[in-house]
Amino acid sequence: MRPDLSPSNVRIARIVAAVADAVQIMLLPAFVVGGFSPFNAALDVAFAAIIMDLAEILCENERFSSAPSTWLPTGMLADIFVACVHEADRARIRDPEYLHVFGMNRRDCEAGQLWRVIAERPRRQNSARASAWRPMLEYVLDRGPLARRLLRAVGPRPSRGALHELYAALADALQEGRPFDP
């Protein structure tokens, strides 16, 4: 059986791929750096749910097109990804074209601000999937990434003993499949 490569199906496939890329660019670094266990089934469900919700939003979005002439430049996406890896929710996104795809008419904003805007639409539309991803996204956006929480817990010059206690608590949280919150 051959796949249906009609223009509408190709557009949907490209939108889903773009959403998966957007999630990886902005959210995955925040969650991985956020202190969630990579073996946490709830996190896997949250990622799948947010990808589905964003795909629906973009399918309905006239600003997003599957035409190659409208694709965002790879360099721009790479810059956003690197900024998010280094600064997570505080990364500055300075590409109005990228922000416009998600309905923001601004020149720049922090990644966390953009995620709050993105998360608002499924909430307003009463998405059944939002309940799967909203708590984890809000956790990371409210409490910050793991590195920031670790630093808050022990300060800029921790003792060896403080580090030992801190990482023992982190290991316990990961073992239990819950986010680390000192």
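Count of region 36-82 residues, restricted to those that are modelled with pLDDT of 70 or more and among the small types (Gly, Ala, Ser), is 6.
Here ARG129 clears all of (1) under 25 Å from LEU54 (Cα atoms); (2) of a type outside the set (Phe, Trp, Tyr); (3) crowded, with 18+ Cβ neighbours inside 10 Å except the condition numbered (3). Selection of first residues in region 70-87 that are free of Cβ contacts under 8 Å to residues at least 60 places away in the same chain and of second residues that are among the charged types (D, E, K, R) and part of a helix (DSSP H, G or I), restricted to Cβ pairs under 8 Å at least 6 apart or on distinct chains, gives the following pairs, ordered by first then second residue: LEU72/GLU97; MET76/GLU97; LEU77/ASP21. Scanning region 137-170 for residues that are part of a loop (DSSP other than H, G, I, E, B) and in contact (Cβ under 8 Å) with a residue 40 or more places away in the chain returns GLY144, PRO145. Residue count for region 126-178 satisfying the condition of being farther than 21 Å from HIS86 by Cα and under 17 Å from the mean Cα position of the chain (by Cα): 7.
May I ask you to list the residues in region 106-127 that are at pLDDT 80 or above and either out of contact with any strand residue (DSSP E or B) (no Cβ under 8 Å at 6 or more places or on another chain) or in a helix (DSSP H, G or I) (or both)? Of everything in region 106-127, those that are at pLDDT 80 or above and either out of contact with any strand residue (DSSP E or B) (no Cβ under 8 Å at 6 or more places or on another chain) or in a helix (DSSP H, G or I) (or both) turn out to be ARG106, ARG107, ALA111, GLY112, GLN113, LEU114, TRP115, ARG116, VAL117, ILE118, ALA119, GLU120. Flag: ALA173 does not match the condition of being small (Gly, Ala, Ser), in contact with a helix residue (DSSP H, G or I) (Cβ under 8 Å, 6 or more places away or on another chain) and surrounded by 17 or more Cβ atoms within 10 Å (Cβ to Cβ). Put simply, of LEU114, LEU58 the only residue that is within 14 Å of the chain's Cα centre (by Cα) and surrounded by 13 or more Cβ atoms within 10 Å (Cβ to Cβ) is LEU114.
The values are calculated or read from the model by the stated rules, or taken from the named source; none is laboratory data. Since the structure is predicted, the reported quantities are computational estimates derived from the model, not experimental observations. Cβ: placed from backbone, ideal geometry, glycine included. Neighbour counts: every protein chain shown.
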